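S.K.: Structure in structure tokens, see below.
Computed from the coordinates by the stated procedures, all read-outs in this text should not be read as laboratory data. Quantities reported herein were computed from a predicted structural model and do not represent experimental measurements. So basically every Cβ, Gly included, is an ideal-geometry build from the backbone, and we count neighbours across all protein chains shown.
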Amino acid sequence: MDNKFLEYTDYLANVLQQKNLAYDDSFSKSLDEDGLLVLKIRLGDKFNRVSSLIKKNELKENDESLEDTLLDMAGYAILGLKYLKEHKNE
């Protein structure tokens with residue numbers, strides 16, 4: 001069976017791995033220090049970017065495209081899920 005979603009999820013997994021190594025897992029460290037509100041803020045910032053791009057009828061502003069922003073939102077959601085799973089017994 002051909003799963004067309006794997007193209008996107010595999011790409012996202014690679015991006016997350018690279019960024020997580022480059023930033024030394026800064027997302028988890030931020031959550032450890034400041035709590036789950038960090039997840040809300042990061043996703044909220046990306047949601048606001050999506051909203052702004054759509055309202056302006058632009059698919060790209062500066063160096064961030066709508067596609068990049070959606071990928072970032074998916075990435076933060078997965079990072080949030082990963083964090084919750086890793087800390088569920090705390």
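S.K.: Here's a check for you: in region 45-89, which residue that is small (Gly, Ala, Ser) and in a helix (DSSP H, G or I) is surrounded by the fewest Cβ atoms within 10 Å (Cβ to Cβ)? If you could, list the steps in order and put the result at the bottom.
M.R.: The first filter runs over region 45-89 and keeps only residues small (Gly, Ala, Ser), leaving 51-52, 65, 74-75, 77, 80.
Cutting the leftovers down to in a helix (DSSP H, G or I) gives us 51-52, 74-75, 77, 80.
Numbers: 51: 11, 52: 13, 74: 16, 75: 19, 77: 14, 80: 18.
So the residue we want is 51.
S.K.: Taking interchain pairs and intrachain pairs at least six residues apart, which have beta carbon atoms under 9 angstrom, with the first residue in region 22-36 and surrounded by 12 or more Cβ atoms within 10 Å (Cβ to Cβ) and the second part of a helix (DSSP H, G or I) and of a type in the set (Ser, Thr, Tyr)?
M.R.: Taking only residues 6 or more apart or on different chains, the pairs are 27/76; 27/83; 28/83; 31/83; 32/83; 36/83.
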